[in-house]
Each structure stands twice: as structure tokens, then as C-alpha cells.
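Student: Structure incoming, see below.
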There are 2 protein chains.
Amino acid sequence: MESSRAAYLESNQSRFLEELCEFVSIPSVSALPKHAGDVETAADWLASRVEGAGFENVVRLPTGGTPVVYGDWLHAPGRPTVLLYGHYDVQPADPVESWDSPPFAPEVRDGRLYGRGASDNKGNLLAALIGLEAVLQVDGSLPVNVKLFLEGEEEIGSPFSLGLLTTDKERLAADICVNADGIQYGVGKPTILGSFRGMTGIEVTVRGPSSDVHSGIFGGTIHNPLHAMARLVASFHDADGRIAVQGFYDDVVPVGKEDRERLGRAPFDEQEYIAGLDVDAVFGEAGYTTNERAWRRPTLELNGLWGGFQGEGSKTIVPSEAHAKVSCRLVANQDPGRIQELLEAHVAKHAPPGVRVSVTRKRGLANPYLLPLDHPGVAAMADSYREIYDQDPFYIGSGGTIPVTAAMLEELGIYSLVFGFCTRDEQIHAPNEFFRLSSFATAQKAFGILIHKLAEIEFRKS
Amino acid sequence: MESSRAAYLESNQSRFLEELCEFVSIPSVSALPKHAGDVETAADWLASRVEGAGFENVVRLPTGGTPVVYGDWLHAPGRPTVLLYGHYDVQPADPVESWDSPPFAPEVRDGRLYGRGASDNKGNLLAALIGLEAVLQVDGSLPVNVKLFLEGEEEIGSPFSLGLLTTDKERLAADICVNADGIQYGVGKPTILGSFRGMTGIEVTVRGPSSDVHSGIFGGTIHNPLHAMARLVASFHDADGRIAVQGFYDDVVPVGKEDRERLGRAPFDEQEYIAGLDVDAVFGEAGYTTNERAWRRPTLELNGLWGGFQGEGSKTIVPSEAHAKVSCRLVANQDPGRIQELLEAHVAKHAPPGVRVSVTRKRGLANPYLLPLDHPGVAAMADSYREIYDQDPFYIGSGGTIPVTAAMLEELGIYSLVFGFCTRDEQIHAPNEFFRLSSFATAQKAFGILIHKLAEIEFRKS
């Protein structure tokens with residue numbers, strides 16, 4: 001059966017690539033209001049593709065934000081029910097001028113498809129659907145029941161769509177989630193992701209004079225909001241990069257000896273890492289390796305900082321305002337709401353004189369997530385990887401945030417198996433994002449294999 | 001004669017206003033390359049207006065940058081030669097969305113003309129030309145020889161045009177400069193400006209990874225350029241606002257007792273100043289009054305600071321770059337080139353680890369300027385003010401920079417009498433710049449009076 005599925009996948013590969021190009025060409029940027037219509041278009045496209053794959057009861061579930069595309073195939077009585085998760089929204093494409101080809105005009109070069117969302121998450125998601133379609137087409141049935149939960153606001157922290165996990169529990173009830181929004185450690189380096197960082201943040205505004213004023217006339221007599229902002233945001237870290245917000249680390253689970261050893265086995269070349277980023281050195285909290293910093297330690301990052309004149313040439317003003325976007329990646333057991341309180345308290349305590357400082361809380365908070373290594377789904381993933389790569393997987397963490405994993409555990413009582421085939425070099429969230437066509441094809445096979453492994457498990461309710 | 005001139009001015013005032021509207025509607029923004037053609041258009045408009053006023057030998061002198069509009073009237077043998085200075089370029093209009101009417105579609109509201117350049121310097125400059133035109137039209141001649149030096153790059157620090165003071169000395173030779181780019185302390189508060197601050201600056205770039213990267217995957221492992229930049233630029237000042245760049249104050253002339261008393265007589269209401277800016281408090285170097293901070297003490301201001309995502313919503317990246325535009329207002333006897341060296345040394349010393357920091361030197365440096373109070377031109381200005389306002393002028397400094405005053409002294413050996421009628425509330429360099437129609441009319445009369453006072457002076461070469 002597997003060889004027939006492989007033949008089905010091979011003979012249809014050019015159609016699948018065309019479909020992926022179509023999907024990527026829809027600029028479904030959830031962060032930007034001007035793309036709201038495109039996000040809807042992507043939902044329509046996906047709903048139609050899901051029906052084409054053989055799913056039933058396909059519906060766009062309203063969320064208050066962008067719709068969740070649902071569908072199911074429930075003809076395997078007595079077998080486990082798998083909830084397949086993915087997202088059809090993408091990050092903004094700017095700076096657009098840094099792309100070698102337009103972000104929403106996907107282009108194949110050197111065996112890679114370039115375009116925003118090619119890797120995160122449209123490529124992996126479509127591969128998962130194709131993998132299940134191949135099983136259905138060739139076998140006539142699936143070995144498990146499958147439900148789909150495909151959301152359109154992952155890139156903005158899923159402020160609305162995860163509400164369905166609370167309000168639509170019965171429809172979404174399942175034994176396990178297969179999350180198609182994962183990332184591999186590298187090509188041919190199968191990986192089991194055991195943790196995600198959570199997310200919180202604030203936006204800080206510093207206001208000075210009610211409009212930009214002449215730096216000759218007023219300069220030196222009032223506090224320049226840019227000076228005040230620089231001083232304020234510089235206070236978030238000490239000179240060595242450790243976060244200086246009081247209480248920030250209080251709830252962080254320390255990195256244990258065994259955990260440290262296991263993470264240390266993941267292949268990692270620091271010089272390659274440095275060269276890949278084109279920096280001179282890594283930088284971060286003292287006492288931790290680069291991977292520990294990324295997977296086990298929280299961050300406080302400025303994602304944007306701005307005020308005053310940014311054009312060519314010069315404009316000699318004291319600007320009216322300064323802005324900073326701050327986000328934090330959290331680790332177990334930090335609480336996103338509590339961290340926002342600590343950030344607000346820090347800003348209030350360090351607010352410079354002569355300016356007005358205000359804070360807005362970021363929406364779309366996410367808890368950190370940890371998958372127990374003795375969960376039967378972990379073995380199913382490991383077996384699937386051995387079948388594909390003839391190799392044991394590495395166990396790693398992720399520094400990224402997939403809020404849905406924590407939410408599914410909390411609301412549906414199910415763990416998530418993160419099973420994706422994009423790799424960390426694919427420029428996700430950056431210009432020139434790409435997905436290897438070889439990874440696209442491997443992923444299609446892999447999802448078919450995984451659901452057969454899951455079919456053999458007797459799930460207990462967690 | 002004066003009453004006939006007044007009648008001439010009055011009967012033509014609606015034409016003059018139309019002309020000013022025409023002039024202001026040309027977006028001659030010297031800082032922005034996209035407006036290069038508009039700057040040329042403004043030069044053409046001005047050359048034509050100068051000929052209309054009765055000047056001869058009108059020519060656009062090439063400078064390597066934007067042209068200087070020259071013209072002369074040299075039919076007063078044995079009398080002093082006055083070099084009239086003004087500029088036809090303007091500051092950028094952004095943020096355009098903060099204007100109540102479009103910046104380059106001038107509009108009269110409540111006796112004020114709103115538009116970019118209405119006050120700085122198109123209004124004052126046109127008023128000066130009109131004042132001289134009125135004398136020529138009514139008297140048939142001027143009481144002094146007049147030459148014009150009207151430049152198009154004052155707002156970017158005159159990087160090219162002042163070169164003519166070196167290369168075209170003979171054409172521009174004069175006894176005194178009347179600089180029409182001045183500012184009054186307030187409406188009906190005649191003012192003699194005795195000093196200007198000089199100007200220097202740098203642009204700082206901090207580079208991290210070669211493109212924006214995902215803050216989940218890479219956050220915490222490399223130095224975020226925004227963190228590095230915030231720390232770096234925060235180091236320019238201490239917490240009280242004093243500049244912390246080593247050697248910065250070394251050449252500053254201390255504020256003397258007599259100087260302090262004279263400046264203290266200028267009318268000033270600090271609460272009104274604060275309210276006008278809509279700030280909660282003044283802020284600056286300890287030990288100095290607000291006016292002393294503005295007129296006698298140097299500054300280091302961030303005019304722009306930016307990097308990362310600035311749009312609506314969120315984008316969780318570690319950005320690739322951060323930028324800062326830094327300018328300094330200097331006082332006697334600071335040297336702009338020397339200060340650039342100190343700034344560069346400071347940046348090199350405080351460059352944070354894990355990022356690459358580079359510095360570009362700002363062009364258009366300007367020396368600080370000081371006019372001796374016993375210069376005969378000072379008395380001519382004071383007499384003119386008494387004639388118009390029946391009031392003694394105040395003696396003040398300016399925190400602003402008019403590089404041409406220092407350059408004319410250095411190259412042509414002449415002092416500048418700064419004689420302008422815009423006031424500090426007119427939102428120059430900011431949204432909703434305006435010029436009072438009453439100030440426009442007063443200025444036209446005043447320039448006619450001033451040249452008659454100057455006609456009586458026997459200038460010695462300085």
C-alpha cells in the first residue's frame with residue numbers, strides 16, 4: 001500500500017506544486033488590516049482544497065477574527081481520532097525590497113520554492129493534506145478518524161481562533177493533535193520537538209511636545225522622546241544581555257542536568273550558526289549554550305523601535321513621539337499575563353522625567369508548552385522518522401511559539417505531535433523565505449506513515 | 001517718501017499674498033532627492049520675481065548643489081553695499097497626516113497663511129524683496145547698493161552654496177549682510193539676535209544578522225541591533241541630560257555674569273513655554289535657565305531613531321539593522337569637525353559586542369556665530385525697530401543654526417544683521433507652519449526702513 005501511495009504522490013507532484021504556488025500567491029498577511037480580504041481568500045482556497053482531498057463536513061467556522069477551516073473524515077469507528085492543525089496566514093513580507101523575487105509571486109529556483117509562507121506554514125500544511133489524500137485515494141479509507149483545525153491568525157498569536165477550543169469542544173474532540181506547523185533541525189535530521197516558548201509583550205509610547213519641534217529653537221530645553229525611550233528600553237537588559245526586569249525569571253524552570261545533556265546531543269555547529277546569520281559572535285545570557293538560550297531561557301526583544309525623521313538627508317527636529325514594540329518568549333512556568341504586569345511595573349519605575357510614557361498590552365498571549373517524553377505519540381513520531389530516514393530522531397526544543405499546543409492541552413485535554421518538514425535555514429518571517437521541493441515531497445509521505453502509527457495506539461484521556 | 005511707500009505696499013498687498021501663495025506651493029524640499037526638480041522650479045520662480053522687483057544682472061549661480069539666485073542694483077556710488085541673504089528651500093513636510101491643510105497648498109485661516117515655508121523662509125524673503133521693490137518704485141532708486149544671495153540648501157546646512165563665498169568673492173563683495181532668515185522673540189517684541197549655534201552630526205548604523213530573523217528561533221542567542229543601539233545612544237547623555245561625550249564641553253565659552261543678566265531681561269514665561277509645547281516640564285543641563293540652555297549651551301539630539309517593524313500589529317523579529325540620526329547644536333568656540341571626531345570616538349568606545357557599528361559624518365557643518373554689540377549695524381537695526389514699534393529691542397541669542405553668518409564673516413569679512421519677522425510660535429520645521437499676514441506686511445515696511453539707516457553708516461572693513 002505504501003508503494004502505491006508513493007506512486008500516487010509521484011505521479012501528481014507537478015499538480016501539487018502548482019497548488020502550492022496558488023496557495024502561496026495569496027497574500028494572507030494576518031497582521032495587516034489591508035490584507036483582511038486576502039486572508040479570507042486563502043480560507044476559501046483551503047476549504048475547497050480540503051474538500052478535494054476527500055474530507056466531509058467542510059465548513060469555515062467563524063471566530064470573531066479570521067475563520068477556522070474545519071473538515072473531517074470519521075469512518076474509522078473504534079480507532080483514534082486525530083486533530084490535524086495548521087495555519088493559512090503568513091507574516092508580513094516587508095522589507096519587500098530585500099526579496100530577490102516578489103514575495104507573493106512564488107518562484108522555483110534550484111529546487112526550492114521562494115515566497116512568503118512557502119515554508120511557514122502553507123508548504124507543510126498542504127503536504128499534510130496531500131499525504132492524507134493519498135491514503136484515501138489509494139486505500140479507500142484512513143486508518144484513523146481525522147478532524148481538521150486550520151486557522152488564519154497564527155502569525156498574530158491566534159487571538160480569536162483558539163476560542164473555538166472552548167466554545168466548540170464537541171466538534172473538535174480528539175485523542176491527539178498532529179500539528180503540521182513544526183520545524184526540523186535540518187534536512188535529513190529528524191527531530192522531535194518537546195517544547196515551545198510562550199509569548200507576551202507590550203508596546204511602549206513616549207510622548208514629548210505635541211508636535212515635532214525645531215531642534216535649534218527647543219533643543220536642550222525639553223526631554224527628547226528618543227533620548228527618553230533609548231534610556232528606558234536600554235534598562236530592560238544589563239550589559240551582558242540578561243533581562244533586568246524585576247521578577248522576570250522568578251517562575252522559570254531551571255535547566256536540569258539530564259535535559260542539558262539531551263539537548264547537547266542535537267547537532268550544532270556554532271561557527272556555522274554565526275556564519276549563517278552573518279554576525280561576528282553569538283550574544284546572550286551568561287552560563288547557557290546557544291541552544292539552551294533559544295529553547296530553555298526566556299527573552300525580551302525589541303521587535304521595532306522608532307521615532308523622528310527616517311528619510312534620506314537630515315531633519316533637525318526634536319520629535320514628538322517615540323515607539324517601541326516589545327515581545328517576550330517565555331518558558332515553563334512563566335505566565336504571560338504576570339510577565340506583562342512586571343513589564344508595566346518596570347516601565348513605570350524607569351519612566352524618564354519630562355515625557356509621558358504609556359504602555360499597551362499585546363494581545364495573543366501564549367503559554368509555554370512541554371510534551372512528556374513518555375507520551376505514546378512520541379514513539380509514533382520516532383518510528384515514522386526511522387521508517388523515512390532510517391535514523392533515530394534528535395530531541396530538541398523550539399524557541400518559537402505555537403500557542404495552540406498549550407491551548408489544546410488546556411481546552412481539549414490533548415497533547416500535540418509537532419510534525420513538520422521545514423528547516424531553520426528557510427528564512428521564515430524574513431525576506432526570501434523558501435521551501436525545498438524535496439521536503440515538500442517527503443512531508444507528503446511522512447504524514448501518511450504517521451497516521452498509520454497513530455492508528456495502533458490506545459489513547460487514554462489525559 | 002515713507003508714506004508713499006506705505007501706500008504702494010498697501011495697494012499691492014493682495015498681489016503680494018498671491019505671490020507668496022505661489023512661492024509656498026512649490027515643494028522645494030532640499031533634503032529629499034525626489035524634490036530636486038521642485039527646488040529648481042523655486043529658483044526659477046524667485047529669479048523671475050527678483051527681476052520683477054527691479055534688480056539687474058539676475059542669474060542662477062551654479063554651486064554643485066542647488067543654484068544661488070543672484071541679482072544686484074549698484075547705482076548708489078559712494079554708499080554702502082548691502083548683501084541681502086535668504087533661502088528658497090524648505091524642510092520636509094512629514095508627518096504630512098498631521099497637517100490641517102496640505103503643506104504645499106497654502107491656505108489663509110484667521111489672518112495666517114498656512115504652508116511649509118510660509119514662515120521659514122519664503123515669507124520673510126519675499127517681504128524683503130517687496131520692501132526693496134517699494135523703495136525702487138516710489139523713490140526711483142535705492143539709498144544703498146544691494147546684492148542678492150538667495151540660496152536653495154539652507155535646510156540641509158548649505159553644503160555647496162556657501163562655496164560661492166570663496167570662489168565668487170568679487171561678485172559678492174559687500175559692507176554688511178542683511179540676513180532675512182531671522183526670527184523675532186514674539187509678535188511686537190523686536191529682537192536683536194546676537195548669536196547662532198553651529199551644527200554638526202553623525203549617522204550611526206548598527207548591523208546584526210544579514211536579514212531580519214525570527215525572534216523565536218534566534219531570539220536570545222544574538223545581540224538584537226535595537227538593544228545595542230538603545231544602549232549606545234543612551235550613553236550620549238547622563239540621566240540629567242548633560243552630554244557624556246568625553247571632551248564635548250572643552251571649548252565652550254562659559255556663560256558670563258553680564259551676558260546672563262542681559263539674556264535674563266528677554267521676556268519669558270516658563271509656564272507658557274511648557275504649555276505651548278504640551279509637555280509637563282522643561283528638561284536639560286543642570287545650572288542653566290531654559291534660555292541659556294537654548295542660546296548658550298550645546299546639544300546632542302537624536303533627530304531620528306529606527307529599526308525593525310513599525311506597522312500596525314506585531315512582527316516577532318530580531319531586526320537586521322538599527323539607525324540613528326544625531327545632530328549637535330554648537331556654541332562658541334566649539335569646532336564642528338572636532339566634535340564629529342569626539343562623537344566617533346565615543347561610538348567606537350561604547351560599541352556593544354556582537355553587532356557591527358558604523359558612523360557616517362553629517363555634511364553641512366556650521367560654526368557658531370557671535371555679532372559684537374558695538375557693531376554699527378546693531379544700532380541701525382535698533383533704530384529701525386524703534387521707528388516701527390516705538391520700543392527698544394530685546395537682545396537675545398538663537399539656538400538655531402544659520403551657517404551663512406559664520407561663513408560670510410570668514411570669507412567676505414562681513415557681519416550679518418539678522419532681520420526677520422517670523423516668530424517662535426509659527427511651527428517652523430513642524431506640521432501646520434504658518435506666517436501672520438500682519439507680520440508679512442510689517443516686514444515689507446521694515447526692510448525699506450533698515451536700508452535707509454544702513455545708508456548713513458561709514459563701514460570700515462572688518
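No value in this document is a laboratory result; all are computed from the given coordinates. Nothing here was measured: the structure is a model prediction, and the numbers come from that model. Note: ideal-geometry Cβ built from the backbone for every residue, glycine included; neighbour counts use all protein chains shown.
Student: For A:Arg15 and A:Asp250, compute 0.36 nm times the residue count separating them, minus their Cα-Cα distance, and round to one decimal in nm.
Tutor: Difference between extended and current length: 79.4 nm.
Student: Any idea what the relative contact order of chain A is, in percent, if you count C-alpha pairs under 8 Å spaced at least 6 apart?
Tutor: Relative CO of chain A lands at 26 percent.
Student: Shifting gears a bit: Relative contact order for the range A:312-462: what percent, with Cα pairs under 8 Å and sequence separation of 6 or more?
Tutor: 22
Student: Let me ask something additional. What ranking do B:His75, B:His452 get, fewest neighbouring Cβ atoms within 10 angstrom at the top?
Tutor: Least crowded to most crowded, the residues run B:His75, B:His452.
Student: With θ set to phi - 60°, apply the Karplus curve 6.51 cos²θ - 1.76 cosθ + 1.60 along the range A:401-408 and write out the HN-Hα couplings as whole Hz, x wherever there is a Gly or Pro.
Tutor: 10, 10, x, 5, 5, 5, 5, 5
Student: Another question about this same structure. Counting other Cβ atoms within 10 Å of each Cβ, which GluC sites (Glu not before Pro) in the range B:224-315 have at most 13 and sit in a DSSP loop?
Tutor: Filter output for the range B:224-315: B:Glu312.
Student: If packing is taken as the average number of other Cβ atoms within 10 Å across a peptide's residues, how do B:196-208, B:101-113 rank, most packed first?
Tutor: Result, highest mean Cβ count within 10 Å first: B:196-208, B:101-113.
Student: Given a Förster distance of 30 angstrom, what is the FRET efficiency for B:Val59 paired with B:Ser141, based on the Cβ-Cβ distance and rounded to 0.05?
Tutor: 0.85
Student: Each residue of the range B:257-268 in order: what ³J(HN,Hα) in whole Hz does its phi give by Karplus 6.51 cos²θ - 1.76 cosθ + 1.60, θ = phi - 60°, with x for Gly and Pro?
Tutor: Coupling constants for the range B:257-268: 5, 5, 4, 4, 5, 5, 4, x, 7, 5, x, 7 Hz.
Student: Can you tell me how much longer the chain between B:Glu107 and B:Glu170 gets when fully stretched, taken as 0.36 nm per residue apart minus their C-alpha distance, in nm with one decimal?
Tutor: 18.5 nm
Student: Now, a different point. Arrange the following residues from fewest to most other Cβ atoms within 10 Å of their Cβ: B:Cys328, B:Cys422.
Tutor: Ranked by crowding around the Cβ, least crowded first: B:Cys422, B:Cys328.
Student: Next question, about the same structure. Please give the calculated 222 nm ellipticity per residue for the protein assembly as shown, where each DSSP H segment of at least 4 residues contributes -39500 (n - 2.57) and the sum is spread over every residue; nearest 500 deg cm²/dmol?
Tutor: One gets -10000 deg cm²/dmol as the mean residue ellipticity at 222 nm.
Student: What do you get for the angle between helix B:13-24 and the principal long axis of chain B? Use alpha-carbon atoms, 0 to 90 degrees, nearest ten.
Tutor: 30
Student: Restricting to the range B:1-153, what percent of DSSP beta bridges are antiparallel, rounded to 5?
Tutor: Percent antiparallel among DSSP bridges in the range B:1-153 is about 60.
Student: Enter the mean number of other protein chain beta carbons within 10 Å of the beta carbon of each residue in A:355-367, as an integer.
Tutor: Taking the mean over all residues of the peptide, I get 1.
Student: I'd like the Kirkwood hydrodynamic radius of the protein assembly as shown, using the inverse of the mean 1/r over distinct C-alpha pairs, in Å.
Tutor: Result for the protein assembly as shown stands at 31.0 Å.
Student: DSSP beta bridges in the protein assembly as shown, what fraction antiparallel, as a percent rounded to 5?
Tutor: Rounded to the nearest five, the antiparallel share is 70 percent.
Student: Suppose we keep just the DSSP beta bridges with both residues in chain B; what percent of those would be antiparallel, to 5?
Tutor: The answer is about 70 percent antiparallel.
Student: Now for a different question. Output ³J(HN,Hα) for the range B:437-454: one whole-Hz value per residue in order, computed from phi by the Karplus curve 6.51 cos²θ - 1.76 cosθ + 1.60 with θ = phi - 60°, and x for Gly and Pro.
Tutor: 5, 5, 5, 4, 5, 4, 4, 4, 5, 4, 5, x, 5, 4, 5, 5, 5, 5
Student: Now for a different question. What is the helix-to-structure angle for B:2-11, meaning the angle in degrees between its Cα long axis and the longest Cα principal axis of chain B, kept from 0 to 90 and rounded to the nearest 10?
Tutor: 60
Student: Related question: Mind checking the range B:392-462 for GluC sites (Glu not before Pro) that DSSP puts in a loop (not H, G, I, E or B) and that have at most 14 other Cβ atoms within 10 Å?
Tutor: Passing both the DSSP loop test and the Cβ count: B:Glu456, B:Glu458.
Student: What are the label-to-label distances in nm, one decimal and shortest first, from B:Glu40 to the same spot in the other copies, with labels 7 Å along Cα to Cβ?
Tutor: Ordered by increasing distance: 4.7 nm.
Student: So for A:Thr316, A:Thr41, B:Thr167, fewest C-beta neighbours within 10 Å to most, what's the order?
Tutor: Listing A:Thr316, A:Thr41, B:Thr167 from fewest to most nearby Cβ atoms yields B:Thr167, A:Thr41, A:Thr316.
Student: How well do other chains shield peptide A:234-246, expressed as the mean number of their Cβ atoms within 10 Å of each residue Cβ?
Tutor: Averaged over the peptide's residues, the number is 3.
Student: Can you list the copy-to-copy distances for B:Gly78, using a point 7 angstrom from Cα toward Cβ, in nanometres, shortest first?
Tutor: Nearest to farthest, the other copies are at 12.7 nm.
Student: Just to verify a number: FRET efficiency for B:Glu270 and B:Thr360, C-beta to C-beta distance, R0 = 51 Å, to 0.05?
Tutor: The calculated FRET efficiency here is 0.85.
Student: Holding the Cα-Cα limit at 21 Å, pick out from B:Lys325/B:Lys362; B:Lys315/B:Lys349; A:Lys122/A:Lys147 the pairs that are longer than that.
Tutor: B:Lys315/B:Lys349
Student: Here's a follow-up. Got the relative contact order for the range B:149-305 handy, in percent, Cα pairs under 8 Å and 6 or more residues apart?
Tutor: Rounded, it is 18 percent for the range B:149-305.
Student: Still on this structure: Which angle from 0 to 90°, rounded to the nearest 10, does the C-alpha axis of helix A:225-234 make with the longest principal axis of chain A?
Tutor: Its long axis makes an angle of about 60 degrees.
Student: Still on this structure, please answer the following. Inside 10 Å of the C-beta atoms of A:273-279, what's the mean count of C-beta atoms belonging to other chains?
Tutor: 6
Student: Ok, one more. If we hang a label 7 Å off Cα along the beta carbon direction at B:Asp240, how far is it from the matching labels on the other copies, in nm, shortest first?
Tutor: 3.1
Student: Shifting gears a bit: Rounded to the nearest 0.05, what FRET efficiency do B:Gln310 and B:Leu373 give with R0 = 56 Å and r taken as the Cβ-Cβ distance? Could you check?
Tutor: About 0.70, to the nearest 0.05.
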